[in-house]
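Chemist: Below are the structure tokens for one structure; questions will follow.
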Amino acid sequence: MKMMVNAIEHEIGPWANLEGANLSGADLRGANLFGANLQGADLRDVDLRGADLRLARIRGARTKGTKLKGALLPHDKVSRGEGNPTVWRHHVDKAMVGCHLWRGAINNNHNTTDGKSYNYGVFQLEDCDTQLVHRQVFFLNTGEALDPDMDVSPFGEHGCENHLCVNPEHLYVGPQGSDKVRMIDLF
């Protein structure tokens, strides 16, 4: 979302770079500023009621008169079921076709049905357990949490079979240890 504030157009949204921006007096009620950079910004008399400011950086921001009732603040917990954009800062998402390789943390899964060891992408949200990246891809694309007995992986009839691939077009969903359906066919 773009908005004019003090005759300057600003991009307002998750992960927006508003460092040093003069937003004084702006009406940003309910704005999604999750992870935004607001360092050194002028937020005096800004209406941020109900806004999502979790993980936002606000060091040095001027905040006198800022309205924050009902706002989610930078230190507020990010829940494990949310589609958190910080997950994707590590994955390569430039190619329109082909694998999107996870470049973040990985785990080594020794509990496989074939007895082999495989690496899978993992991440951890604040104060939460480690989660597999493929499950988060499912959530981001369908808006639904995946049942614990279901599996998402790049293995299926036409899958790339690259354990670190997070391209939704390469992923398959189904009960663990059985045939799976292409994830993209579910939506």
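Chemist: Given q = 0.15, 0.23 Å⁻¹, what are the Debye log10 I(q)/I(0) values for the stretch 1-76, with equal point scatterers placed on the Cα positions and solvent ignored?
Modeler: Ignoring solvent entirely, the Cα scatterers give -0.39, -1.02.
Chemist: Here's another thing I want to ask about it. Can you pull the one-decimal nm distance between simple spin-label points at Asp45 and Glu11, each 7 Å off the Cα toward Cβ?
Modeler: Each label point lies 7 Å from its Cα, and together they span 2.9 nm.
Chemist: Sticking with this one: Given a cut-off of under 8 Å on Cα pairs at least six residues apart, what relative contact order in percent is computed for the stretch 1-76?
Modeler: This gives 26 percent for the stretch 1-76.
Chemist: Follow-up. What residues from the stretch 15-45 fall in the zone where the backbone N is under 12 Å from a label point 7 Å along the Cα-to-C-beta line of Met3?
Modeler: The answer is 23-33, whose backbone nitrogens lie closer than 12 Å to the label point.
Chemist: For the peptides 30-43, 11-24, what is the packing order when you average, over each peptide's residues, the other Cβ atoms within 10 Å and list the highest mean first?
Modeler: Peptide ranking by packing, descending: 30-43, 11-24.
Only the coordinates and a few stated rules stand behind these numbers; no lab work does. Note that this is a predicted model, so its numbers are computed, not measured. Every residue, glycine as well, gets a Cβ built from its backbone with ideal geometry; the counts of neighbours run over all protein chains shown.
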